[in-house]
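The values are calculated or read from the model by the stated rules, or taken from the named source; none is laboratory data. Nothing here was measured: the structure is a model prediction, and the numbers come from that model. A quick note on method: Cβ atoms are made from the backbone with ideal geometry, for glycine too, and the neighbour counts reach across all protein chains shown. Heads up: the accessible areas ignore ligands, DNA and RNA and are worked out on the full protein's heavy atoms, side chains in. Shrake-Rupley method; radii C 1.70, N 1.55, O 1.52, S 1.80 Å.
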Amino acid sequence: MKKTSFIWPIIIIILFIVPIIINIFGDILWFQSIGYTNVFMTMLLTSIGIGLLFGLVFLAFGILNIKIAKRMHKSKADSKLLILLAGFFSLIIGSVFSGWEVVLKYLNPSVFGVVDPVFGLDIGFYVFTLPFYSLIYSYLFVFTVLGIVLSFISHIIFSESLKKSEKTEEDEVDFIFAAKSDYTLDWKEFKKKITPHLSILLAILFFVLSFGFWMAQYGLLFSQGGAVYGAGYTDINISLPLLNILMIVSAAVALFFLANLKINKWKIVKEGIIIFAIIVILGGVVSGVVQGFVVAPDESNIEKPYIERNIEYTLKAYGLDIVKENIFPVNYNLTKDDIKRNSGTIENIRLWDWRPLTQTYNQLQLFRTYYKFPDIDIDRYNVNGEYKQVMVSPREINLENLPREARSWVNEHLVYTHGYGVVMNPVDKVTNGLPDFYIKDIPPQSEQFSIERPEIYYGEETYEYSVVNTKTDELDYPSGEQNIYAKHEGTGGVQLSDIITRLLYAVKFGSIELLFSGSLTSESRILFYKQVNERIATIAPFLRYDSDPYIVLSEGNLYWIIDAYTITSQYPYSEPTGRRDGFNYIRNSVKVVVNAYSGDVEFYVIDNKDPIINTYQSIFPNMFKDFSEMSADLKEHIRYPEGLFKIQANIYSTYHMRDPKVFYNKEDIWVTPTEIYRGSRQEMIPYYIIMKLPGEDKESFIMMLPFNPRGKENLIGWMAAKSDMPDYGKLVVYQFSKQELTYGPMQIEARIDQDTDISQKITLWSQRGSDVIRGNTLVIPIEDSIIYVEPLFLEAVERGTLPELKRVIVAYGNQLTMQETLEEALNTIFEQATTSVERSEQTAEEKLAEIARLYKKAKEALSNGDLAGYANYVDMIEDFV
């Protein structure tokens, strides 16, 4: 029976540990194949080392306390079970406190160059040092508490005061499970033996608490109890002194416990704990009274300096302190010449909404059900010497759409291993309601681009693993009724060169086929971590990644670019994002590039001023490359990430208010506008656009988002982030006049609904068995004016039909028109914008000729049923009269 009782724990441990070891060895081979072994070993060995250190220290401490208890009772009882319990505790402690990141960041700190306003310490102390102190405190607290628990149990087991006797109410205390046992404890005798030992342990505990109170004073800078995030009036004037008092009192109580070694009185122990508890309770009461009766009645004035700190440090933490702010005086004086001068903007206005375009891609360019376009990305390319904004999507493999009869292990892992090619179209070109393609079909056809490696082995879709270079034909791409097969020529993945490696991955993936399949050879390679975000997060889990990887065609190859962020929640006085895993500092410090064919991964540091990435570079010296090492062609495709921009825009919508009183009263909060899509209001998404910013001579690729005042629909301003080098990352905000109306997207939507001719046509189309899809409402700043563009799509009700871009609505000032093309809509609008100066320079003959031309256009519009166009031309004629 005894042998069996020891065998079962061993079996359980083996069943628990072996899969972990196999998984680790599988990852080691993978990290070797991709060239980041040092990164993995640094994280692994540091975690193991810290876990062993903390676990073994507690084990030694626990055994020491067991022996002390045994010696004090002069017991000959067996202590194996207690040592086993100490070992169990040490395993838990070792696993809980085995994190590598806090320790290595503490050993490799960087300087922020910004000090906190209370203690005058560099922000690096809070980001790199304080978390380590917190780790040590947590460890010491758990260490001491479990030590006390273990010691108390040891004393009970070893105590000779434990006797089988009658229970009494005065001097006896029930032992564990006393209700079911005849054993009782002689409490007076027991106290004499346990008091010296327990006094030492409680002294250690209160020294630890004293250390905790010392740390807690720095934690006040992250307080959420005041008017804003960070230490407020009550925190600084009440809580801070209280924490210093508690630090001293805790240390004094610890000394009392040590003094009790000679006095050996439980009274001192009780009194020390009572005094400590009274101070804690009184401190809480005083803090509440001050906050409620002193601060609250005059909060805006008393908290003013702390609100100023919150504004200053929040803007710094989110990189918003360097935003360039400008006034945008809207003047509706654009002419046709202005439109021509801004042709780079006009010819890159995005008419294609990605949502209906996805349906179009799926209908026209999917070819097989096992392919999928997971997303449509927006980028820019130089096409025949023109700077063009494009929409592009990868054609990825989607195993879930394989026919049920084809869902076999061989097909899912050996045959259908990769996607193929991309589809690309310019944002503004339309032919018969459908996009013009720069790249299309399988294999990829293009007059503008060349793709040498269209295979996509690594993408956005979720993959488990694929095995290449097997005896089974691997599908390359379909061609008509036939399939073209090929062999993978890359060196990525782990080579299944021997039976041990195959066994390793058979266990890791729970796949017996990897061990026994006759299709595998010694040259076969297993590719896993094929989903690009999972792949890079496995290599560098300490970075946060944008949720939208985007595909790039560069020098004939396909690459994924993923934006990586450094974050922390330890920036004093900075407002957190409010999420469950909220942070209050973020930088887009790294651009990650993944080769879609080989799976090679490169990390490029684009922000060398970020102290957090500097620390990671110290921890992993060979992992990161400088941004200057990225190829020149890839550099042309970096873009400001939408995820970061949305966070910054959300923060700035409140923190543009620099005046503490205005901020406190929330007088000027901005919000993201809404627009109409498929009949419902949706929050506008930041959008990329090629445009010439006010005061600049050249178009650039930017991301922008307009703002509304809270509770209103008009525009109050817009934010833009530059993506082109060398101005990448620069933020600019333009504010409109608060005294003049600048239409917001929903006001434009309302004007569209109120326009009789446009609304009649929309209603008519809807009654003829078509759904009318109103695309993104784009706010386009040009010169010192604003134009609004909204595409209109028609989609037949029948399933599988194509949404077609049928009309373009343009609004400018008080003018609104809907035409078949953007060019026609702009011509219609700006025919009316001819200035009085230009007209005064015309001769009578020129004016008559122009009136005749407009009259002819008006008749054509009327004959075509275009009442809105007819009315616009009549208005233009009247301007000549």
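Any idea what angle helix 822-831 forms with the longest principal axis of the chain, computed on alpha-carbon atoms, 0 to 90 degrees, nearest 10?
It is inclined by approximately 60 degrees.
At 0.36 nm per residue, and after removing the present C-alpha to C-alpha distance, how many nm does the segment from residue 41 to residue 355 gain when stretched out fully?
Full extension from residue 41 to residue 355 adds 108.7 nm.
Could you do me a favour and compute the accessible area per residue for segment 670-726, 1.4 Å probe, result in Å²?
Values: 2210 Å² over 57 residues.
For segment 670-726, the solvent-accessible area averages 39 Å² per residue.
Report the GluC sites (Glu not before Pro) located in segment 498-562 that are in a DSSP loop and have at most 15 other Cβ atoms inside 10 Å of their Cβ, or state none. Each step should come with its number before you reach the end.
Working: sites: 513, 523, 534, 555; in loops: 523, 555.
The qualifying sites are 523, 555.
Rolling a 1.4 Å sphere over the protein heavy atoms, what is the accessible area per residue of segment 209-286, to the nearest Å²? Intermediate values should be presented prior to the final figure.
Details: 3810 Å² over 78 residues.
Value for segment 209-286: 49 Å² per residue.
With everything on Cα atoms, drop me the angle between helix 2-34 and the longest principal axis of the chain, reported from 0 to 90° to the nearest 10.
Tilt of helix 2-34: around 30 degrees.
How many nm is it between the label spots at residue 52 and residue 821, if each spot is 7 Å from the Cα in line with the beta carbon?
7.3 nm
If you find the alpha carbon centre of segment 536-592 and of segment 307-379, how far apart are they in angstrom?
Distance between centres, Cα-based: 20 Å.
Over segment 10-102, with every protein chain in place, what whole percent of the accessible area is carbon and sulfur at 1.4 Å, could you tell me? Numbers along the way, then the final one.
Details: 4150 of 5400 Å².
Here carbon and sulfur together make up 77 percent of the probe-accessible area.
Given R₀ = 60 Å, what would the calculated FRET efficiency be for residue 844 paired with residue 324, taking r from the Cβ atoms and rounding to 0.05?
So the FRET efficiency works out to roughly 0.75.
Distance from a point 7 Å along Cα→Cβ of residue 255 to each backbone N in segment 188-210: keep the residues under 19 Å and list them by number.
From segment 188-210, the list is 199-210.
Just to verify a number: what accessible area does residue 458 come out at with the full protein assembly present, 1.4 Å probe, Å² rounded to tens?
In the full protein context, residue 458 sits at about 0 Å².
Explain nothing, just the number: dipole magnitude of the chain about its Cα centre with +1 on each Lys and Arg Cβ and -1 on each Asp and Glu Cβ, in debye rounded to the nearest 20. Walk me through the intermediate numbers first.
On the way: 82 positive and 106 negative charges, 1021 e Å.
The dipole of the chain has a size of about 4900 debye.
Count charges around residue 372 for me, please; just the other residues with Cβ under 11 Å from its Cβ, Lys/Arg as +1, Asp/Glu as -1. If you can, show how the numbers build up before the last one.
Details: positive: 368, 395; negative: 375, 396, 400, 460, 461.
That sum, taken over residues with Cβ under 11 Å, equals -3.
Only helical DSSP H runs with n ≥ 4 go in: add -39500 (n - 2.57) per run for the chain, normalise by residue count and round the 222 nm mean residue ellipticity to 500 deg cm²/dmol. Spell out each step's value before the answer.
Details: 26 runs with 371 residues, N = 881.
So the calculated ellipticity at 222 nm is -13500 deg cm²/dmol.
Roughly how far apart, in whole Å, are the Cα centres of segment 486-520 and segment 204-268?
58 Å
Give, in nm to one decimal, the length gained when the segment between residue 60 and residue 277 is fully stretched (0.36 nm per residue of separation minus the Cα-Cα distance).
Values: separation 217, 0.36 × 217 = 78.12 nm, distance 3.17 nm.
Contour length minus the Cα-Cα distance gives 75.0 nm.
Heavy-atom accessible area per residue, segment 4-151, 1.4 Å probe: how many Å²?
Working: 7850 Å² over 148 residues.
On a per-residue basis, 53 Å².
Which angle from 0 to 90°, rounded to the nearest 10, does the C-alpha axis of helix 130-158 make with the longest principal axis of the chain?
Once rounded, one gets 30 degrees.
Between residue 725 and residue 138, what length comes free when the chain is fully extended (0.36 nm per residue of separation minus the Cα-Cα distance, one decimal in nm)?
Values: separation 587, 0.36 × 587 = 211.32 nm, distance 4.59 nm.
Result: 206.7 nm gained on full extension.
Can you give the FRET efficiency to the nearest 0.05 for residue 24 and residue 404, using r as the Cβ-Cβ distance and R₀ = 30 Å?
0.25
Only bridges with both residues in the chain count here: give the DSSP antiparallel percent, nearest 5. Display every interim value, and only then the final one.
Working: 104 of 113 bridges.
That works out to approximately 90 percent antiparallel.
Among 533, 112, 346, whose Cα lies farthest out toward the positive end of the dipole of the chain, if unit charges sit on the beta carbon of Lys, Arg (+1) and Asp, Glu (-1)?
112
Would you mind telling me the share, in percent, of accessible area of segment 224-289 contributed by carbon and sulfur at probe 1.4 angstrom? Kindly include the intermediate steps, with their values, before the conclusion.
Working: 2600 of 3510 Å².
The nonpolar share, carbon plus sulfur, comes to 74 percent.
Taking residue 508 as the anchor, which lysines have their alpha carbon closer than 19 Å to its alpha carbon, excluding any fewer than eight residues away along the same chain?
List returned: 530.
What percentage of the solvent-accessible surface of segment 430-501, computed with a 1.4 Å probe over protein heavy atoms, is contributed by carbon and sulfur atoms?
41 percent
Tabulate in residue order the Karplus-calculated ³J(HN,Hα) for segment 352-358, using 6.51 cos²θ - 1.76 cosθ + 1.60 with θ = phi - 60°, rounded to whole Hz; enter x for Gly and Pro.
Each residue of segment 352-358 in turn: 7, 6, 5, 6, x, 5, 4 Hz.
Can you grab the distance from the C-alpha centre of segment 451-484 to the C-alpha centre of segment 84-125, Å, no decimals?
That distance is 45 Å.
Under 12 Å from the Cβ of residue 352, count the other residues' Cβ atoms, weight Lys and Arg +1, Asp and Glu -1, and hand me the total. All intermediate terms of the calculation are to be shown ahead of the outcome.
Numbers: positive: 350, 355, 429; negative: 353, 428, 436, 804.
Here the count lands on -1.
If you take the charge dipole of segment 604-689 about its Cα centre, with +1 on Lys and Arg Cβ and -1 on Asp and Glu Cβ, which of 617, 654, 680 is farthest toward its positive end?
680
Using a Förster distance of 51 angstrom, determine the FRET efficiency expected from the C-beta separation of residue 446 and residue 665, and round it to 0.05.
The calculated FRET efficiency here is 0.35.
Which residue, chosen from 480, 767, 545, occupies the Cα position most advanced towards the positive end of the dipole of the chain, where the dipole is computed from +1 (Lys, Arg) and -1 (Asp, Glu) charges on Cβ about the Cα centre?
About the Cα centre, the residue reaching furthest to the positive side is 545.
Let me know the shape class of segment 725-783, please: from the alpha-carbon gyration tensor, a ≥ b ≥ c as square roots of the eigenvalues, rounded when a/c is under 1.5, otherwise prolate if a/b is greater than b/c, or oblate. Display every interim value, and only then the final one.
Values: a/c = 4.54, a/b = 1.91, b/c = 2.37.
The shape class here is oblate.
Quote the relative contact order of the chain in percent (integer), defining contacts as alpha-carbon pairs under 8 Å separated by 6+ residues. Write out the running numbers ahead of the final one.
On the way: 1488 pairs, mean separation 91.8, N = 881.
Taking the mean separation of contacting Cα pairs over the length of the chain, I get 10 percent.
Which value, in Å² rounded to 10, gives the accessible area of residue 380 with a 1.4 Å probe and all protein chains present?
10 Å²
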